[in-house]
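First up is the structure itself, then whatever we jot down about it.
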Amino acid sequence: MVMKMAEAQSCILLLIMMISFTIVSANNGAFSVKYKYAGLQRSLCDLKAHDDQRQLRILAGVDLPLGGIGRPDILGLYYAKIGIGTPTKDYYLSWY
């Protein structure tokens, strides 16, 4: 009796999995995309300003300690040390 019940549960589970797989595979892996500003007729300048603000919010949490030589009579040389990853691997950036 216990064995028949386990077989019945296995068959039901298999049936559910097959139906789920059929539904998912019938969608061809495509999804519909909706425009965030549909119907608002926003200008390109408005969209650029919105994107600039978004970039500022993303970069607000980034603070690089800069070092270097910034004498006004010569070309300046600046550098920063950043750590990326876990465990942290240090990278050195330099520019002038």
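The values are calculated or read from the model by the stated rules, or taken from the named source; none is laboratory data. No experiment lies behind these values; they were computed from the predicted model shown. All Cβ positions, even for glycine, are placed from backbone atoms using ideal geometry, and neighbour counts span all protein chains on display.
Residue-by-condition table, conditions (1) surrounded by 10 or more Cβ atoms within 10 Å (Cβ to Cβ); (2) at pLDDT 85 or above:
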site: Gly39; (1), (2): no, no
site: Leu75; (1), (2): no, no
site: Tyr78; (1), (2): yes, no
site: Asp90; (1), (2): no, yes
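Considering only residues in segment 41-63 that are among the aliphatic types (A, V, I, L, M) and surrounded by 10 or more Cβ atoms within 10 Å (Cβ to Cβ), the one that is farthest from Tyr96 (Cα to Cα) turns out to be Leu47.
Residue-wise test of (1) over 30 Å from Ile82 (Cβ atoms); (2) at pLDDT 80 or above; (3) among the small types (Gly, Ala, Ser).
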residue: Glu7; (1), (2), (3): yes, yes, no
residue: Met18; (1), (2), (3): yes, yes, no
residue: Thr22; (1), (2), (3): yes, no, no
residue: Gly29; (1), (2), (3): yes, no, yes
residue: Ile58; (1), (2), (3): no, yes, no
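Please verify whether segment 58-67 includes one or more residues that are free of Cβ contacts under 8 Å to residues at least 24 places away in the same chain, part of a helix (DSSP H, G or I) and β-branched (Val, Ile, Thr). Yes, there is a match, as at least one residue in segment 58-67 is free of Cβ contacts under 8 Å to residues at least 24 places away in the same chain, part of a helix (DSSP H, G or I) and β-branched (Val, Ile, Thr).
Among the numbered conditions (1) surrounded by fewer than 10 Cβ atoms within 10 Å (Cβ to Cβ); (2) modelled with pLDDT of 85 or more; (3) charged (D, E, K, R), the only one that Lys34 does not meet is (2).
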